[in-house]
Amino acid sequence: MRKVMTMRKLFIGFLSIAFIVGICFIPGYAGDRQTIQELTGGKVKPGDVINKSNVALVKDLIPDGYVDMVGKGMELVIADPGPWHTPGFFVEVTKKNMGRAVIDEKDNLRTKEGNWWDGGAPFPDVKLDDPQAGLKVMYNDLHSYEGDDFTHDETNPFYVGSDGKLERTIKMSWDRIYLTAREKLDPKPTYAEKYKELMFKQFAYVQEPFDLKGFGNLGIRYNDSTQRDDSYAYIPAMRRVRRLASAQRFDAFVGSDATLGDFRQLDVPTATWKYKLVSMKPMLAMIHGGVWSKTKGTMEEKVLPPFTEGYKFLRVKWEVVPEVYGVECMPKDPKDCPIYSKKVVFIAGVIGNTAPMEPVHRTWRTLYSVAYDISGKLMKSCWNSWYGYGDPEQPQGTEDIFYEMCYGCYDNQIDHSSPWPVNLPGRKFNVGFTPERFSIGYLQKFGK
Amino acid sequence: MEKKHKILIILIAFMVLLVGQEGWCTLQYMDGKFTVNGFLQSQFRLHIGGQNPNNNQFRPLSEGNHKVNMFRNMLQLELNYAASDTFSLFSKIKYINESSGGLDSNLRQYEAFPLEYPGDLKLEDDDNMAQIQELYADLTMGPLWLRLGKQQVSWGQTDGFRLLDVINPLDLSWRLIFDAMYEGHDNVRESLWMVRANYNIPCITFVDNPQLELLILPGKFVGDQLASDGAPYNVLPTVVKVHEEQPDGPEVGVKLSGIWKRAEITLNYFRAHSDYGVYLVPGTVVFDRTWGVPLAGDIIPPAGIGREDLMRLNAYGHHPLMSHIGFSFNYDESSFTKGVYRFEFLYEPDKPYERGITIPGIGSFTNAMIEKLGTVKYCLGIDRPFWLRALNPRRTFGFGFQVFQRFVVEGKDKLDENIITLSGGHKVQTLTTTFTLSLDTQYKQDRIHPILFFAWDPRGGFWLAPQCEFQYGDHWRFYLLGTWVGGEDRNAANDGLGGLYWWDELMFRVTYQF
């Protein structure tokens, strides 16, 4: 009798433990937020600075490319997580469309009805053991909310050599309009029937230096992500628009360490690559960098993020992101990317300390990535460094908007860096652009 | 231009630089609405080819081959006033000083800036020129964009050749069309007064980006300008004195464009005077071009004792009205060949040629009248970036290939009789073909940009131009260019590349931009 009682207690205890463990590991359930102290056994706390002398304390919380960068002089200022939320209307659209997303035989994202995806995060509750988990995380990132259109009136690619000095700079602008899967601006979700096959159009144009001034690039992305982009460029010296070959997305963008394919960590037609989810864990990232950067005006008026080693590395706040999905990405056709053997992209699920730890509140924000060359060696580390939410210059009515303070890439092999500070006052969302603005005629008009 | 004016302009230029804002930026005023930028540039071209035979007629035998093709200093300013998203003003102002004559005693005084026309907004003398090269207003009203003023318009898909790119004439007094290839014709195209209206057509839904463009060029015609007598780049024999007609406008063009099934397509029509003239020589007989001495004709009497004591021949440049009808398309084949294909086609039903007549027993008379013959031109081009990681692990190589053909679709019997010429006596063949090849890549974050350009004329001519640009910081740009032209067929009358065998040169250019 006593033996039966003991066995029963053991069995109930085992079931209880299994239940608790199961809750923690149910795919899609986000679990509790852990602090930096908990993750490092109390060895690191907010306010500490991670540098080459103590990077080992956090080496499991940052990608290896960043361990290398810290070893070369980068510093991470550890901070408490700040507020972050996913816009309410985006959460509603995600809820409404939950369960409707499917991946077709070509790895395209569609609705169950066979149409192109029409809004919200398609797979908010992605299952970690799903063989297509990596692809689904990438589609979540692709459809994360960044406005139905946006404009950066100025971003400044810096070219920084091994000595940390500025070799040269460029001033450029970047605008985009989404034509399908629009969530807020009318007409939605599709701008017009004639655009139903297009995902977005974007327009990047160079304002300085003089020899590049007027260069503009018009890019068109299709919902059928087996199709390459269409790309046109206005060449000022020729006074005409030239069609560009879009297959080569990994050529250096105006000579910087970033390529077109490195934007948003991996900017390629999604179905042309293959993806594998390799990790999901808390990591450190630059979420609330803390600098409302301004790149316009005189040197005194500019507000740039702090750097170390000259202008090579950002020195901003890093905080724990409770859910970071690591996706290993490789091109289906190696010729599509002759310089990388693979790229590991890290995408945040829930961010900050305010959003509920629930699937529909996952924001799917890219954090950073690491690329490896053809022989498998570490080659390049890219980042999206975020300011956070809200415009301090317009505190009312912009709480749904997040801001990217600085994009950039660092070439780990040749010790060359290309940080791109963004002029945050000039970054606007949901401007109300029309598709006609993103046209060859506009390229010519702007380019002179 | 007086020396004091030159000094004043240079001082103003340096003041603009010194008082400008810190750093590399455009100079900005009025809260960023008014911007000024531009560059200071010095360009030196060393002549390494043979003597220009077109300048030989009045040259004593003792005079040596000149060594300096060009020593040109330039200040260019671009002023832009963006009043709003819908209205802006733009102006490009140039000051150029040409000092090659002062450096080389074998170079006679020549007119460095021969191009003149009403409304050119230019002040000049033999060695200096100040010009408002462009001046226009942009106005946007919904789907309609208007550009009014002195401007350039470039149609077409082709590099180097002019098929649909016939709106603006070229100033060829200081370079030819293949020069500094990646700079296109921007520095050579002469801006003209015109109305440009571009309309995004909203009701067409089966084509993306449907646009209708209308061009109207009122006023006097302006044609291509060749180098003047005695200039290093003179391509007309000095024995010929050219008088250019200046017919009245207007010239009108229409272009319809759009993207259909991911191919960009244009349909073009331009009714205009022929930019490149046909030359009539009244009452002439055949003369041997290599000697350059006319045997008879409408001769300018000798002015007196001096180098020009040989007689010169009057030639009258005509620019008849003609139609340019064409289309172009480009397509990015990104799946298999991963290249961009572009095609441009032009039909000129009434292209003017020079026609000679033969009187049995008397002789042949060239350039006696104008004959209009239907002519077709087309160009097929391929652009394909590719990786050669052993030579450049971080940047692609750009590969470009073009084949250009021109053929006369009527009047073959006249061509066979060899009495049809073009542009001062060049023989016209039924079919002419030219191939071009370009290769480039970039190193050190695009601070070093080598380019190789090669053109081949199967009739026996080539043009080889290796070049390289170097960038230092945001301001300094250095440029090297070598040009070698030659081939088996050196007879300029055959209108092939080989006839420019004397053009060989090395160019060095330094630019400070702001």
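The values are calculated or read from the model by the stated rules, or taken from the named source; none is laboratory data. Values in this document were obtained by computation on a predicted structure and should not be read as measured data. Here Cβ is always computed from backbone atoms with ideal geometry, including for glycine, and neighbour counts include all displayed protein chains.
Of the residues examined, A:Val327 is one that is at pLDDT 95 or above, within 28 Å of A:Ser225 (Cβ to Cβ) and in contact with a helix residue (DSSP H, G or I) (Cβ under 7 Å, 6 or more places away or on another chain). Among the candidates B:Asp275, B:Asp309, the residue that is over 30 Å from A:Gln227 (Cα atoms), of a type in the set (Asp, Glu) and modelled with pLDDT of 85 or more is uniquely B:Asp275.
For (1) over 29 Å from A:Lys95 (Cβ atoms); (2) surrounded by fewer than 22 Cβ atoms within 10 Å (Cβ to Cβ), each residue gets a yes or a no:
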{"residue": "A:Trp174", "(1), (2)": "yes, yes"}
{"residue": "A:Asn217", "(1), (2)": "yes, yes"}
{"residue": "A:Gly255", "(1), (2)": "yes, no"}
{"residue": "A:Gly261", "(1), (2)": "yes, no"}
{"residue": "A:Asp267", "(1), (2)": "no, yes"}
{"residue": "A:Ala271", "(1), (2)": "no, yes"}
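Which one is nearest to A:Leu142 (Cα to Cα), of the residues in the stretch A:155-181 that are under 19 Å from the mean Cα position of the chain (by Cα) and not hydrophobic (A, V, I, L, M, F, W, C)? Across the stretch A:155-181, the extreme among qualifying residues is A:Tyr178. Tell me, yes or no, whether the stretch A:106-127 has at least one residue that is loosely packed, with under 15 Cβ neighbours inside 10 Å and in contact with a Pro (Cβ under 6 Å, 6 or more places away or on another chain). Checked against the condition, which is being loosely packed, with under 15 Cβ neighbours inside 10 Å and in contact with a Pro (Cβ under 6 Å, 6 or more places away or on another chain), the stretch A:106-127 yields at least one hit. Applying the selection to the stretch B:323-348, what residues are within 29 Å of B:Val252 (Cβ to Cβ) and either within 14 Å of another protein chain (Cβ to nearest Cβ) or at pLDDT below 95 (or both)? If the condition is that a residue be within 29 Å of B:Val252 (Cβ to Cβ) and either within 14 Å of another protein chain (Cβ to nearest Cβ) or at pLDDT below 95 (or both), then B:Ser328, B:Phe329, B:Asn330, B:Arg342, B:Phe343, B:Glu344 are the ones that fit.
Applying the condition of being small (Gly, Ala, Ser) and away from chain A (no Cβ under 14 Å) to the stretch B:435-477 and asking which residue is farthest from B:Lys377 (Cα to Cα) yields B:Ala465.
Filter the stretch A:283-298 for residues that are modelled with pLDDT under 95 and away from chain B (no Cβ under 14 Å); which is surrounded by the most Cβ atoms within 10 Å (Cβ to Cβ)? Looking at residues that are modelled with pLDDT under 95 and away from chain B (no Cβ under 14 Å), I get A:Ile287.
So, in the stretch B:492-514, of the ones that are among the small types (Gly, Ala, Ser) and part of a helix (DSSP H, G or I), which residue ends up surrounded by the most Cβ atoms within 10 Å (Cβ to Cβ)? It comes out as B:Gly499. Scan the stretch B:168-177 and tell me whether some residue there is of a type in the set (S, T, N, Q), within 18 Å of the chain's Cα centre (by Cα) and within 14 Å of another protein chain (Cβ to nearest Cβ). Yes, some residue in the stretch B:168-177 is of a type in the set (S, T, N, Q), within 18 Å of the chain's Cα centre (by Cα) and within 14 Å of another protein chain (Cβ to nearest Cβ).
Is it the case that some residue within the stretch B:478-496 is within 14 Å of chain A (Cβ to nearest Cβ), out of contact with any helix residue (DSSP H, G or I) (no Cβ under 9 Å at 6 or more places or on another chain) and on the phi < 0 side of the Ramachandran plot? Yes: the stretch B:478-496 contains one or more residues that are within 14 Å of chain A (Cβ to nearest Cβ), out of contact with any helix residue (DSSP H, G or I) (no Cβ under 9 Å at 6 or more places or on another chain) and on the phi < 0 side of the Ramachandran plot. When restricted to residues that are out of contact with any helix residue (DSSP H, G or I) (no Cβ under 9 Å at 6 or more places or on another chain), within 29 Å of B:Val510 (Cβ to Cβ) and in a loop (DSSP other than H, G, I, E, B), the stretch B:446-477 contains 3. Of the residues making up the stretch A:77-135, those that are of a type in the set (Gly, Ala, Ser) and part of a loop (DSSP other than H, G, I, E, B) number 7. Here B:Lys414 passes the criteria (1) at pLDDT below 95; (2) within 14 Å of another protein chain (Cβ to nearest Cβ) except the one numbered (2). Any residue at all in the stretch B:411-425 that is farther than 26 Å from B:Glu354 by Cα and either surrounded by 19 or more Cβ atoms within 10 Å (Cβ to Cβ) or touching a Leu at 6+ places or on another chain (Cβ under 7 Å) (or both)? Scanning the stretch B:411-425, I find no residue that is farther than 26 Å from B:Glu354 by Cα and either surrounded by 19 or more Cβ atoms within 10 Å (Cβ to Cβ) or touching a Leu at 6+ places or on another chain (Cβ under 7 Å) (or both), so the answer is no. Inside the stretch A:373-390, residues that are out of contact with any Asp or Glu (no Cβ under 9 Å at 6 or more places or on another chain) and assigned to a loop (DSSP other than H, G, I, E, B) make up a count of 5.
Residues are listed down the side, and each one gets a yes or a no for (1) surrounded by fewer than 16 Cβ atoms within 10 Å (Cβ to Cβ); (2) hydrophobic (A, V, I, L, M, F, W, C); (3) more than 10 Å from chain A (Cβ to nearest Cβ):
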| site | (1), (2), (3) |
| --- | --- |
| B:Asp383 | no, no, no |
| B:Pro393 | yes, no, no |
| B:Gly398 | no, no, no |
| B:Gln405 | yes, no, yes |
| B:Val408 | no, yes, yes |
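Restricting the search to strands (runs of 3 or more DSSP E) fully inside the stretch B:55-138 and requiring at least 1 residues that are aromatic (Phe, Trp, Tyr) and surrounded by 15 or more Cβ atoms within 10 Å (Cβ to Cβ) gives B:68-82, B:87-98.
The residues of the stretch A:210-240 that are facing chain B (nearest Cβ under 10 Å), touching a Leu at 6+ places or on another chain (Cβ under 8 Å) and hydroxyl-bearing (Ser, Thr, Tyr), listed by number, are A:Tyr222, A:Ser231, A:Tyr232.
Anything in the stretch A:256-270 that is farther than 21 Å from A:Gly65 by Cα, in contact (Cβ under 8 Å) with a residue 60 or more places away in the chain and within 13 Å of another protein chain (Cβ to nearest Cβ)? List them, or say none. The one that is farther than 21 Å from A:Gly65 by Cα, in contact (Cβ under 8 Å) with a residue 60 or more places away in the chain and within 13 Å of another protein chain (Cβ to nearest Cβ): A:Val268.
Of the conditions (1) at the interface with chain B (Cβ under 9 Å from one of its Cβ atoms); (2) farther than 19 Å from B:Glu264 by Cβ, A:Val206 fails just one. Which one is it? Every listed condition holds for A:Val206 apart from (1).
Within the stretch B:232-271, the residues that satisfy the criterion of being in a loop (DSSP other than H, G, I, E, B), at pLDDT below 85 and of a type in the set (A, V, I, L, M, F, W, C) are B:Leu236, B:Val239.
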